[in-house]
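Colleague: One structure, as structure tokens, below. Some questions next.
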Amino acid sequence: TPLSRETRTVVSPSSVVVGAGAVEQVGEYAARHGTTALLVATEQIFEFHGDKVIDALDTAGVESVSYTDVRPDPTVENIESAYELWKRHDCDVLVTLGGGSSIDTGKGVGILASNDGEIRDFGVDRAGYEGVPEPTPPLIAVNTTAGTGSEATRSVVVSDESTSTKFLIVSENVVPDIAIEDPELTVSLPRSHTAFTGIDALTHAIEAYVSVNAYDIPDSSAEEAMERIARSLPVAWANGDDLDARADMLVGQLQAGQAFTNSSVALVHGLARPLGAQLHVPHGLANALILPYVAEFSAMAAPEKYATVARILGAADESDTTREAADKAAEGILRLCDDLDLTGYLDDFGEVPSRERYLSVVDEMTQDAIDSGSPANNPRK
Ligand code: NAD
């Protein structure tokens, strides 16, 4: 529906700081908002880059307390423990260091700090969309993957270990205030996670673009995100020290996050979440396993959009008709996944689940995917 006939809300962090050395600005921004920061990180990323953030906070006169137990795919327990620290030290500003797992833990702490209730109460299944009444305290996200785009989104993804599911919280009140994107922090991202997180970002851009909720503002972010990811992901994967490619990926994944948070994700994300929750497949790898097949299935329902995807990925050219080009989108995605040797990483995740194990969870996973609501946004049902 044209914007002249419908109102939409476009959400975004109020400031985005991008470029080599951007991390040094975390202290200045934190000092504008408070005096005691809770720094939230995974142990690994804290070891790599925690000192840079703490030094910058120190220099700006901001005290800090660190919670460094965030687990990839963070849990209810992560959020509750970090919140205990927030209360105990009377913190007034949140700083996250890391990718989606750190950022989502920080958002969760912020929800508990400003609202009454347990984190589970704010899931879309209980509270609906926009179910967080009060905004989080000031939240500065120093992003280190490229990535989820969580530093620009209204989503929080939390693992509930009691049910082996991931639940989703969606509210404008959780969008971080400041996003810091420093390519020098992503040089340490291992090759495998460069591939997984990069394909996650590509999935966000493609799903937002073909979604039944797409419209022109997120579409332009999605198109530019796909262009940046297509040209820079193979370079960043092949040479992790290439700062230009790392910076291009940071901007591309940010735009992909902005695209999906203002449009939506669709079938791929609906299916990938239960794969992560039940079988602990890393989120980006789960997306990569599904994305080409969903593109193949869906191209007929959004041919012009998929034709653009195929052209951006270099799988189709102007001599192809729209329908021919659309049918080549899956090929373009598969080629990129092959270039990154993505299926090769499957061997790193232990044994492939036995047929019995798979059959024991597949119905639950299917229901979980449908309940997430994301498949309903897909152009082909
Ligand atoms: P992550 O934050 O889980 O990090 C993956 C691993 O890489 C961790 O072990 C981490 O310590 C390590 N790491 C991160 N940055 C590093 C660096 N620069 N150098 C070395 N190691 C580094 O990965 P992610 O893919 O960014 O986040 C995944 C989580 O985000 C999942 O829980 C997913 O469901 C969620 N997610 C959230 C949103 C949202 O909008 N809120 C969107 C998509 C995904």
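Colleague: Got a sec to turn the phi values of the stretch 84-98 into Karplus ³J(HN,Hα) couplings, 6.51 cos²θ - 1.76 cosθ + 1.60 with θ = phi - 60°, whole Hz, x for Gly and Pro?
Modeller: My calculation for the stretch 84-98 gives 4, 5, 4, 5, 4, 9, 6, 6, 9, 8, 9, 10, 10, 10, x Hz in order.
Colleague: Taking 20 °C and 1.002 mPa s as the conditions, I'd like the Stokes-Einstein D for the stretch 223-381 in µm²/s, using the Kirkwood hydrodynamic radius from alpha carbon pairs.
Modeller: 127 µm²/s
Colleague: Mind giving me the nanometre distance, one decimal, between the label points for residue 243 and residue 8, set 7 Å out from Cα along Cα→Cβ?
Modeller: Going by the 7 Å Cα→Cβ label model, 3.6 nm.
Colleague: Could you compute how fast the chain diffuses translationally, taking Rh as the Kirkwood radius over C-alpha pairs and applying Stokes-Einstein at 37 °C with viscosity 0.692 mPa s? Give it in µm² per second.
Modeller: 159 µm²/s
Colleague: Expressed as a whole number of Å, what is the distance separating the alpha-carbon centroids of the stretch 1-49 and the stretch 66-93?
Modeller: 18 Å
Colleague: Give the distance, in whole Å, between the Cα centre of the stretch 182-218 and the Cα centre of the stretch 227-294.
Modeller: 3 Å
Colleague: Expected output is a single nm value to one decimal: the length gained when fully extending between residue 32 and residue 163, i.e. 0.36 nm times separation in residues minus the C-alpha distance. What is it?
Modeller: Full extension from residue 32 to residue 163 adds 43.1 nm.
Colleague: From the phi angles alone, apply the Karplus equation (6.51, -1.76, 1.60; θ = phi - 60°) to the stretch 190-206 and give each ³J(HN,Hα) in whole Hz, x where the residue is Gly or Pro.
Modeller: My calculation for the stretch 190-206 gives x, 4, 4, 6, 4, 5, 4, 6, x, 6, 4, 5, 4, 4, 4, 5, 5 Hz in order.
Colleague: Which value in deg cm²/dmol, rounded to the nearest 500, describes the helix-derived mean residue ellipticity at 222 nm for the chain, given -39,500 (n - 2.57) per DSSP H run of n ≥ 4 and division by the residue count?
Modeller: My calculation for the chain gives -16500 deg cm²/dmol from helical runs alone.
Colleague: Helix 303-312: angle to the longest alpha-carbon principal axis of the chain, degrees 0 to 90, nearest 10?
Modeller: In the chain, helix 303-312 runs at an angle near 70 degrees to the longest axis.
Colleague: Okay, moving on. Taking 29 Å as the cut-off for C-alpha to C-alpha distance, list the pairs among 328/381; 107/328; 52/166 that go past it.
Modeller: Beyond 29 Å between Cα atoms: 107/328; 52/166.
Colleague: Kirkwood Rh, the stretch 158-259, all Cα pairs: how many Å?
Modeller: Hydrodynamic radius (Kirkwood, Cα pairs) of the stretch 158-259 is 14.7 Å.
Colleague: How much length is gained if the chain between residue 354 and residue 317 is pulled fully straight, taking 0.36 nm per residue apart and subtracting their Cα-Cα distance, in nm to one decimal?
Modeller: 9.1 nm
Colleague: Let me ask something additional. As a test, work out the antiparallel percent of DSSP beta bridges whose residues both lie in the chain, rounded to the nearest 5.
Modeller: Beta bridges within the chain, antiparallel portion: roughly 20 percent.
Colleague: Another question about this same structure. Using the Cα centre of the stretch 23-82 as origin and beta-carbon charges of +1 (Lys, Arg) and -1 (Asp, Glu), tell me which of 33, 67, 48 is placed farthest towards the positive end of the dipole.
Modeller: Among 33, 67, 48, the one farthest towards the positive end of the dipole of the stretch 23-82 is 33.
Read-outs: derived from the displayed coordinates by stated rules, not from any lab. Just so we're clear, the structure is a prediction, and the values are computed from it rather than from any experiment. Here the Cβ is made from the backbone with ideal geometry for all residues, glycine too, and neighbour counts use every protein chain on show.
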